Amino acid sequence: MTVKADETENPDVTEEVGEPAAVDVQVDDYPDDQERSRRTRWRRRLTPRLSHVGWASVAGVVVVALLTGLTGWLGYRAYERQQASAQRDLFVQVARQGAVNLTTISYTEVDADVQRIIDLSTGAFREDFEQRSKPFVEVVKAAQSKSQGTVTDAGLESQRGDSAQVLVAVAVKTQTAGGEEAPREWRMRIEVRSVGDDARVSNVVFVP
């Protein structure tokens, strides 16, 4: 469009004024920025927002879970140690009793004494002692023998799985029809084996 000034006022000036150019801005001019903005908004909507109290609660739950697991593990380890200690004590106790049974025999009660030895035995040792028990009883009765054994010391020598070897020292007093004999000191290596919840003597060896 052309605008002419009043020729009477300014005949020499002619001014052209054009129409303002239109600014065409398309939405697609910045696709990446808009896509990132939209994804950010969705992430904010989908991501749970926790306050400081919420994070503290989560941390507390995690700590409690860890402490619970640690306490359980330590408790189990303590239980295992207690069971192992109880088993060692049982092995030594059975070995001590086995040594007393083997050295405390009276001709007046020899059958019961022999049966007590058998009841506390297991495996090949038990079978062998049962086979030899009859002639042993006859010798004890014929000699009118009485013996009394007292354990003076005992200790676990070694342990492997459900069996152990225990060294036992015994002081033995013996009396026969011919009179009382001088006390003697015997040392035994007694093997003990677990049988169910109990333990039995599985072998006896006299050592110097």
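The values are calculated or read from the model by the stated rules, or taken from the named source; none is laboratory data. This is a predicted model, so every value here is computed, not measured. A quick note on method: Cβ atoms are made from the backbone with ideal geometry, for glycine too, and the neighbour counts reach across all protein chains shown.
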With criteria (1) touching a Leu at 6+ places or on another chain (Cβ under 8 Å); (2) more than 19 Å from Val207 (Cα to Cα); (3) surrounded by 17 or more Cβ atoms within 10 Å (Cβ to Cβ), Ile105 comes up short on (1)
Looking across segment 173-208 at residues that are of a type in the set (A, V, I, L, M) and not in a strand (DSSP E or B), the single one that is nearest to the chain's Cα centre (by Cα) is Ala182
When restricted to Thr150, Thr68, the only residue modelled with pLDDT of 95 or more and of a type outside the set (A, V, I, L, M) is Thr150
Going through segment 116-162 in order, the residues found to be without any contact (Cβ under 8 Å) to a residue 40 or more places away in the chain, loosely packed, with under 13 Cβ neighbours inside 10 Å and outside any strand (DSSP E or B) are Asp119, Glu127, Asp128, Gln131, Arg132, Lys134, Pro135, Glu138, Val139, Ala142, Gly161, Asp162
